[in-house]
């Protein structure tokens, strides 16, 4: 069956049973039909269906001005089909046509273009993303579907022994207490001024995830992979990071490092450290690795270093980035951690406790995030902590907000919970 026969079959099935339109409205659009007239017919059917009006061939002939040949092809089509499966086949054919056209044009454009190769590659990538995003998600659900999903999640949570941890273990007990773990679809922001441990906290979460056989994709725009693995090994072994970097090690430390390195080499941790990254490239890589390895967590270090495809003021570029990160978390059904810097203005205040308004470059970070975590120095430490730090849960869509007191041991890239470590603030 060729493209036209498929199109006629789908259209006739919708004409003979208008209820079929609701089955495929989230799969096909007008542009998916190779025949322009068929696209017009489909658009007309959608319009009439939205008005709750039925359509037959006679009505269609008058409204669309069909010629006899087209009408005859429709009448002779096989309408006894699985409408959704046929619609999906048509969608696939439409995508392939778009890809063929894109690739065909690209060859001639590359030969004639004086644009820098990397710039043209970025342009090609944007066009490819648009083809990928032409796939309509069946996201409008009936109450029955919603209730079924509710019970599926309820049963999943009910089967968990530790009700304080229904998401990804953060590795910090008090953070688990507040968040119940980082959950599917959540965008988690970790923000701080430079040098206050954003990357270290993210890596602590990553290490906890790896120890539970979770799969992680880490986008590092600030450090190379070997530097991240040095911090992971330091955290895992409690060997000074400076000793590892300088290779100034005792025999037992070398053995511990080898054991940690062997452990990490068996885990699925994927690190992107190219430095140049835009949101389209991040999504392409995320989808690819999620399809191949079923990711459990994505980390971006950090938002401020990401490039944008749109020519606009920086706060609008950041808004594009954070909104796409949130949509990606929902699409892949995994948590995404994104690191961000805080504005310098907070350092001039008498009370240096970070506020949501201190998030750098865009208020959209606050709006799109499910959880916002701030790291700041504790100016009134209790005890002899190495780097007394406050972890502030400033936003938590599914729970309480508050402060957790931490000991930041930068020399071994670890955060530890202090005794009497939390103050709860219910918003």
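The values are calculated or read from the model by the stated rules, or taken from the named source; none is laboratory data. This one's a predicted model, so the numbers in the text were calculated from it and none came from an experiment. Every residue, glycine among them, receives a Cβ derived from its backbone with ideal geometry; neighbour counts consider all protein chains shown.
Tabulated data
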item: Residue identified as out of contact with any strand residue (DSSP E or B) (no Cβ under 6 Å at 6 or more places or on another chain), farther than 18 Å from residue 95 by Cβ and part of a helix (DSSP H, G or I) among 53, 40; result: 40
item: Residues within the stretch 243-263 that are touching a residue at least 12 places away in the same chain (Cβ under 8 Å) and over 37 Å from the mean Cα position of the chain (by Cα), tallied; result: 1
item: Filter result for residue 96 (under 26 Å from residue 17 (Cα atoms), at pLDDT 80 or above and out of contact with any helix residue (DSSP H, G or I) (no Cβ under 8 Å at 6 or more places or on another chain)); result: no
item: Hey, residue 20 crowded, with 17+ Cβ neighbours inside 10 Å and closer than 30 Å to residue 131 by Cβ or not; result: yes
item: Checklist (1) at pLDDT 60 or above; (2) surrounded by fewer than 19 Cβ atoms within 10 Å (Cβ to Cβ); (3) part of a strand (DSSP E or B) applied to residue 411, failing item; result: (3)
item: Subset tally (residues that are over 36 Å from the mean Cα position of the chain (by Cα) and assigned to a helix (DSSP H, G or I)) for the stretch 56-105; result: 16
